[in-house]
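Single-structure report; data block below.
Every read-out reported here was derived from the displayed coordinates using simple, explicitly stated rules and does not represent laboratory data. None of these values were measured; they are calculated from a predicted model. In this analysis, Cβ positions are derived from the backbone assuming ideal geometry, glycine residues included, and neighbour counts consider all displayed protein chains.
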Amino acid sequence: MQIFAFDKGGTPVSALLASRQNNYRCLECGQTVRLRGGAHKQLHFFHLGPIGSCRLGGKSLLHLNLQLHLQTLLTSQECHLERRFPEINRIADVVWEKEKLIFEIQCSPITALEVKQRISDYASLGYQAVWILHDKQFNRYHLSSAEGALRHFPHYYTNIGLNKRGIIYDQYSIDRQALRKERSHPLSVDLRLPSRGKHSTRRAAPLLRLRNKSWKLSFAGDLLDQATSSELQKTIISFENRFPLPQKRSWQELLLLPYRMLFRILLEKSCD
């Protein structure tokens, strides 16, 4: 499901300006697409033939609604939807040209390798990728490999549904061995207000210090923006006390570990 396609002359056309009587070509795979939608459903292009591996054709209505939400949020004059970058063979979900930002919306599974590759591809053109992960697929008890890969890059979550209700949010979570043990209340993030300055996190929790070091920007309302909040600090301290980091063993302990295990086995046998 997509909202831009090529006309016969190769010019990108919005679904809002397209005609139901004409054929168009998909921006990504080049297959024939037609216009669909109306009063009760968002206008969009659909593939006449099998979608195959085409990413644009496989997008859901939920994905499309989030793109339009960001366009409304950032104003249509400053951002572009489904912009092609032929030099890296990519089509970005939402591009904020003024800030050199690309918002990648993810409502379906994705590999860590693909996440890293997109970040690298956009960075090669001078753009910073910001990921918006939907609750439908992410922010579960088991962390996905994609979430692990995004630890060092800007990303947030959203619960905005087809009814257009919900927020884009950040959170503090306790993750242990790819399991999300606890998470804070969602912190509403304002994507209209990016900041590329570093924050004061000298006395903050390790996660915030790591983020401050590795993320190249943050937004109003997120964890870095609220790093000095007393309420957030209380939440973090409470979480850390309940789920302390496992203590690292010294090399002497690791060296003696096999012998201790063997001793226990022999001791158990002698007691039989």
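Between the amide H of ALA129 and those of ILE102, distances stay under 5 Å, these residues lying 5 or more places away or on another chain, with hydrogens modeled in the peptide plane. ARG34 sits among other residues whose Cβ lies under 12 Å from its own Cβ, and their net charge, with Lys and Arg +1 and Asp and Glu -1, is +3. Suppose we keep just the DSSP beta bridges with both residues in the chain; what percent of those would be antiparallel, to 5? Bridges in the chain are about 75 percent antiparallel. Distant-in-sequence amide contacts of GLN31, defined by a placed amide H-H separation under 5 Å and a gap of 5 or more residues or a different chain, comprise CYS26. Taking every alpha-carbon pair under 8 Å whose residues sit at least 6 apart, the stretch 60-270 reaches a relative contact order of 13 percent. Counting Cα-Cα pairs of the chain in 10 Å increments starting at 0 gives whole-percent bin shares of 6, 24, 29, 18, 11, 7, 3, 1, 0.
Along the stretch 43-52 the Karplus relation, 6.51 cos²θ - 1.76 cosθ + 1.60 evaluated at θ = phi - 60°, assigns HN-Hα couplings of 4, 7, 9, 10, 6, 6, x, x, 6, x Hz to successive residues, with x for each Gly and Pro.
Here the 3J(HN,Hα) profile of the stretch 85-100, calculated from phi with Karplus coefficients 6.51, -1.76 and 1.60 at θ = phi - 60°, is 10, x, 5, 10, 6, 10, 10, 7, 5, 9, 10, 9, 4, 4, 9, 6 Hz, Gly and Pro shown as x.
Within the stretch 1-103, the GluC sites (Glu not before Pro) that combine a DSSP coil assignment with at most 11 other C-beta atoms in a 10 angstrom radius are GLU87.
Around the amide H of ARG90, modelled in the peptide plane, lie the amide H atoms of PHE85, all under 5 Å away and 5 or more residues distant in sequence or on another chain. Among the chymotrypsin sites (Phe, Trp or Tyr not before Pro) within the stretch 74-181, those in coil by DSSP and having at most 10 neighbouring Cβ atoms inside 10 Å are TYR141.
Straight-line cross-link partners of LYS198 among the lysines, defined as a Cα under 26 Å from its Cα and at least 8 positions apart when in the same chain: LYS98, LYS100, LYS116, LYS213, LYS216, LYS234. The GNM of the chain, with springs linking C-alpha atoms under 10 angstrom apart, assigns the highest mean-square fluctuation among CYS79, CYS29, CYS107 to CYS29. In the chain, the longest principal axis of the Cα atoms and the axis of helix 230-242 are about 50 degrees apart. Look at the dipole of the chain built from charges on Cβ: of TYR122, CYS79, LEU223, the Cα furthest out on the positive end belongs to LEU223. Based on C-alpha pairs under 8 angstrom that are at least 6 apart in sequence, the stretch 34-105 has a relative contact order of 18 percent. Over all other residues within a Cβ to Cβ distance under 12 Å of ASN22, the charged ones net out to +3, with Lys and Arg as +1 and Asp and Glu as -1. With the Kirkwood sum run over all distinct C-alpha pairs, the stretch 33-107 has a hydrodynamic radius of 13.5 Å.
Candidate cross-link partners of LYS8 among the aspartates and glutamates, defined by an alpha-carbon separation under 17 Å and a same-chain spacing of 8 or more, comprise GLU28. The phi torsions of the stretch 174-188, fed into the Karplus equation with coefficients 6.51, -1.76 and 1.60 and a -60° offset, translate into couplings of 9, 10, 10, 6, 6, 10, 8, 7, 7, 8, 7, 5, x, 9, 4 Hz, rounded to whole numbers, with Gly and Pro shown as x. Size check on the stretch 82-179: the Cα extents along the three principal axes, sorted descending, read 38, 33, 21 Å.
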